[in-house]
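All remarks here apply to the structure that follows.
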Amino acid sequence: MTEFDAPFRPTCLPGLARIQFRAASFYLMAGLGLGIVMAASGNFTLKGVHGHIHLLGWVTLALTGVVYALAPDMAKGALARWHVILHNLGLPIMLAALTAYLSGVAAAEPGIAVGAVLSTFGLGAFTLAIWRAL
Ligand code: HEM
Ligand code: HEM
């Protein structure tokens with residue numbers, strides 16, 4: 001092992017960054033799978049789910065993970081923990097409810113709101129953490 005290996009060893013990453021990267025890569029594959037199903041079937045009903053799996057899931061989870069990797073002290077705070085909890089809780093609720101809603105289950109609409117608000121509070125905590133730390 002050289003001195004250059006050390007910063008990239010996964011064990012050197014803050015735990016919250018590892019959670020974000022693992023979750024992000026899950027959403028990446030889920031979104032790609034849904035994209036292929038949509039393209040193959042010609043049925044784009046769930047394109048809003050596909051877009052937000054990728055953008056609020058893969059892109060935003062990974063990007064916030066990069067911020068925690070770059071600023072490990074920020075990842076130690078309560079705001080960062082709240083962000084990771086609420087983002088990873090709200091997103092699957094929002095996506096599941098959006099999938100049901102777009103598939104014709106009108107009663108699922110409040111679930112979209114609940115998931116979106118939880119995710120947004122989480123990202124609000126992330127924003128506060130950035131302003132406090134940087
Ligand atoms: C295997 C790879 C992918 C396939 C097959 C795929 C397929 C599709 C299809 C069929 C649509 C709907 C197009 C339409 O309505 O005419 C779409 C929309 C979209 N895709 Fe993908 N996609 C892929 C990867 C990605 C990735 C990697 C991202 C972002 C990181 C992405 C972001 C979006 C967005 C933002 C939309 C628009 C959603 C909306 O209008 O609500 N896609 N994609
Ligand atoms: C809680 C968070 C979010 C909520 C509640 C939300 C909600 C919405 C809604 C209601 C639409 C319109 C859907 C439609 O016309 O069918 C939309 C579209 C879209 N959103 Fe989001 N969004 C959120 C986060 C994000 C984020 C973080 C990104 C990007 C990083 C994003 C990117 C997009 C894109 C690209 C479209 C499609 C625009 C288009 O096709 O005209 N959204 N979103």
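State whether one or more residues within region 78-85 are within 16 Å of ligand 2 (Cβ to nearest atom) and not β-branched (Val, Ile, Thr). The answer is yes, given that some residue of region 78-85 is within 16 Å of ligand 2 (Cβ to nearest atom) and not β-branched (Val, Ile, Thr). Taken together, Leu128, Leu86, Leu118, Leu134 contain a single residue that is away from ligand 1 (no atom under 16 Å from the Cβ), in contact (Cβ under 8 Å) with a residue 60 or more places away in the chain and in contact with a helix residue (DSSP H, G or I) (Cβ under 9 Å, 6 or more places away or on another chain), which is Leu134.
Residues of region 29-71 that are within 10 Å of ligand 1 (Cβ to nearest atom), not polar (S, T, N, Q) and not in a helix (DSSP H, G or I): Gly42, Phe44, Leu46. Might you let me know whether region 93-113 holds any residue that is in contact (Cβ under 8 Å) with a residue 24 or more places away in the chain and more than 16 Å from ligand 1 (Cβ to nearest atom)? Yes, some residue in region 93-113 is in contact (Cβ under 8 Å) with a residue 24 or more places away in the chain and more than 16 Å from ligand 1 (Cβ to nearest atom).
On the stretch given as region 40-62, residues that are hydrophobic (A, V, I, L, M, F, W, C) and under 9 Å from the mean Cα position of the chain (by Cα) total 7. Picking from Ala23, Ala97, which residue would you name as being assigned to a helix (DSSP H, G or I) and more than 13 Å from ligand 2 (Cβ to nearest atom)? Exactly one of Ala23, Ala97 is assigned to a helix (DSSP H, G or I) and more than 13 Å from ligand 2 (Cβ to nearest atom), namely Ala23. Filtered by the rule that a residue be among the hydroxyl-bearing types (Ser, Thr, Tyr) and either more than 16 Å from ligand 2 (Cβ to nearest atom) or out of contact with any His (no Cβ under 9 Å at 6 or more places or on another chain) (or both), region 26-56 gives Ser41, Thr45. Quick check on region 72-83. Is at least one of its residues away from ligand 1 (no atom under 16 Å from the Cβ), more than 19 Å from Leu13 (Cβ to Cβ) and in a helix (DSSP H, G or I)? Yes, there is a match, as at least one residue in region 72-83 is away from ligand 1 (no atom under 16 Å from the Cβ), more than 19 Å from Leu13 (Cβ to Cβ) and in a helix (DSSP H, G or I).
Condition first: within 15 Å of the chain's Cα centre (by Cα), more than 15 Å from Arg132 (Cα to Cα) and either crowded, with 19+ Cβ neighbours inside 10 Å or away from ligand 2 (no atom under 16 Å from the Cβ) (or both). Now tell me which residues in region 65-77 satisfy that. If the condition is that a residue be within 15 Å of the chain's Cα centre (by Cα), more than 15 Å from Arg132 (Cα to Cα) and either crowded, with 19+ Cβ neighbours inside 10 Å or away from ligand 2 (no atom under 16 Å from the Cβ) (or both), then Gly65 is the only one that fits.
Every read-out reported here was derived from the displayed coordinates using simple, explicitly stated rules and does not represent laboratory data. Quick caveat: nothing in here was measured; it's all calculated off a predicted structure. No Cβ is skipped: glycine too gets one built from the backbone with ideal geometry, and neighbour counts run over all protein chains shown.
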